[in-house]
1. What spacing in nm lies between the two simple spin-label points modelled at residue 64 and residue 77, each 7 Å away from Cα in the Cβ direction?
2. So how do 56-65, 121-130 stack up, highest first, on mean other-Cβ count within 10 Å?
3. Using a Gaussian network model of the chain with C-alpha springs under 10 Å, which one of 18, 81, 115 is most mobile by mean-square fluctuation?
4. Full-extension gain between residue 105 and residue 56, please, as 0.36 nm times their residue separation minus the C-alpha to C-alpha distance.
5. Treat each spin label as a single point 7 Å out from the Cα along the C-beta direction, and report the residue 91 to residue 116 distance in nm.
6. Can you tell me, using C-alpha contacts under 8 Å and at least 6 residues apart, the relative contact order of the chain as a whole percent?
7. Using the scaling law 2.2 N^0.38 Å as the reference, what is the normalised Cα Rg of the stretch 67-142?
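Rule-based calculations on the coordinates, nothing more; no lab input. Predicted model, so just to flag it, every value in this text is computed and none were measured. Cβ: placed from backbone, ideal geometry, glycine included. Neighbour counts: every protein chain shown.
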């Protein structure tokens, strides 16, 4: 199907969701991006890897979405040893500073596609942190 695929690699990336990733160059010279199968994993992987690569190929200098530092409105768990990209909603109401919360009550599982509809950002939690508490500062990548 793909012809001589010797230059395609599949690796496990230390992130959640989106651990399995693929990349390579097809015999025609076309780039190959292999995304994980779950919807949230695919969406996160596109934002983290593919969108910046496509923008770089277009010659753009701004490759990444804006990142804000916001306060967590509530706590959540993060996977040990992996960077977490949690679909998130931003509380913008009232005179209080903006706060971030998970877009779904079910956590960050890669099959919970309903949270993507409510997500306007991804909360990015570094690999060394296993729990975000309400009031913690969190980097938030805006996607809408």
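1. 2.8
2. In decreasing order of mean packing, 56-65, 121-130 become 121-130, 56-65.
3. In this elastic network of the chain, the residue with the biggest mean-square fluctuation among 18, 81, 115 is 81.
4. Stretched out fully, the residue 105 to residue 56 stretch lengthens by 14.1 nm.
5. Distance between label points: 2.7 nm.
6. 24
7. 1.00
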